[in-house]
Amino acid sequence: MFEFLSGDRVPTPSAPDAATLRAWAVVLREVERHASDAERIDQIRALEELKCAAEARQAVLAADFDASQREAAARRGVPAERQGRGVAEQIALARRESPHRGSQHLGLAKVLSTELPFTMAAFSAGRITEWRATLIARETACLELGHRREIDAALAADADRLEAMGERELVGEARRLAYALDPEALVARRRRAERERRVTLRPAPDVMSQVSALLPVAQGVSVHAALSVEADRLVAQGDPRSRNQIMADTLVGRVTGQDKAEAVPVHVNLLVDDTALLGASEAAAHLDGHGPVPAELARALVLASPEAATSLRRIYVAPETGSLVAMESRARLFPAVLGGFIRLRDRTCRTPWCDAPIRHLDHPHDVARGGRTSAFNGQGLCERCNHAKQAIGWSARSRPGPRHQIELTTPTGHRYRSLAPLARPPSAVRRQNDTNWAAPSL
């Protein structure tokens, strides 16, 4: 059992192995519901410190794993620029997160272990969260090593002061110190950031979408100010819409050239059950690039307006499993129709926990080794995951089953299962087929 005393930090006598850590997780599931309120607060604080220390331990293990994998690759004669390929992806799978997040975690782990010793000490002691350690690393990333360590000491040598700082205060102090040490580095960083301006689209709750624009500060302020002025003008004229609605509609109208936000000509891929399309059922449809949408919205999209250019392709599913039917080709490259089928079936990258858009169509069983170009031996991957799969020790294969299934094996021998999402709820499907991931096994 654990024993936490208010204000005390109990050192770990020895580094636990994976079995011990899993045993701790079992202990934590036993919740005491009859504690006093003071004890509840003490436990919440102690668990927060434990969580931070556990994240720090993950960072240490990630940095050590990266170093070990690179050493092993070097012994095999792998060129230096390719020695770290697939490392972040393995860490992401273990953390049940996307490769992008795994890469961020690995980058932070390497910086903390080699360049920010005081921040790492506070992190390991449970005094700061992973996010606060990330803020320190991020705000000093543009500096040379000596200056970075100087700021690390100024901010984190006093762990009590660091723990008491708010996030905004921490970022402001880090930026002030960085600018005092090397103003030219911050100017160069700003110019690099301006070159990375972009617009992104993400699904949002309640069948909405979130369009984000990362802009230089002057442009961002100008865009928001222009929308605000227009909203104020229309509200003053008696427009019944709220200011937020007017700003959103004005943005869409000015970008698309339409007077009304509802009259935007679009071309979308919509996977919809024919019974739902005809109104005989309310089965959810799938809007490519967003995800599930209600049948009512799917019908509205098809019949949106005379200006909308809409094309409809019916793709049939197996009613017993809810899976799309298979297709096959004799070509080495995936033909357009088969490629479109795989993209609709997989929707996002098939690597577990990676939600990135599909960029590559991949043969799990390589064509050079006798793999066929078919829906069964095909999967959609993002560019990063497809490159990681080419590293030494990675393999993937399609497995038979009612739903398309890929088994991915990493260089450490861990196996992960990926199931294609359901095209529609099946008439009968076993409980174990409803999950889209499986815990790693050896």
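Applying 1/(1 + (r/R0)^6) with R0 = 22 Å to the Cβ-Cβ distance of Arg70 and Gln390, what FRET efficiency is obtained, to the nearest 0.05? In this case the efficiency is close to 0.85.
Here each label is just a point 7 Å from Cα along the line to Cβ, and for Glu167 and Glu81 those points are 3.7 nm apart. In this label model, Arg192 and Met208 are separated by 3.4 nm, measuring between points 7 Å along each Cα→Cβ vector. Efficiency by 1/(1 + (r/R0)^6): what FRET value for His360 and Ala35, r their Cβ-Cβ distance, R0 = 56 Å, to the nearest 0.05? The formula returns an efficiency of 0.60 here.
Here segment 35-194 is treated as a Stokes sphere of Kirkwood radius computed over C-alpha pairs; at 4 °C and 1.567 mPa s its diffusion coefficient rounds to 76 µm²/s. Give, as a single signed number, the net charge of other residues whose beta carbon lies under 10 Å from the beta carbon of Ala420, with Lys and Arg counted +1 and Asp and Glu -1. For residues surrounding Ala420, the net value is +3. In this label model, Ala218 and Ala18 are separated by 5.4 nm, measuring between points 7 Å along each Cα→Cβ vector. Think of segment 86-178 as a dipole: +1 on every Lys or Arg Cβ, -1 on every Asp or Glu Cβ, centred on the Cα centre; then among Thr129, Gly146, Gln104, Gln104 lies furthest on the positive end. Taking θ as phi - 60° and the Karplus parameters 6.51, -1.76 and 1.60, the scalar couplings of segment 116-126 work out to 10, x, 5, 5, 5, 5, 5, 5, 5, 7, x Hz in sequence order, x denoting glycine and proline. Give the distance, in whole Å, between the Cα centre of segment 127-196 and the Cα centre of segment 76-109. Cα centres, segment 127-196 to segment 76-109: 24 Å.
Read-outs: derived from the displayed coordinates by stated rules, not from any lab. Because the structure is predicted, anything quoted here is derived from the model rather than measured. Cβ coordinates were reconstructed from backbone atoms using ideal geometry, including for glycine residues, and neighbour counts include every protein chain displayed.
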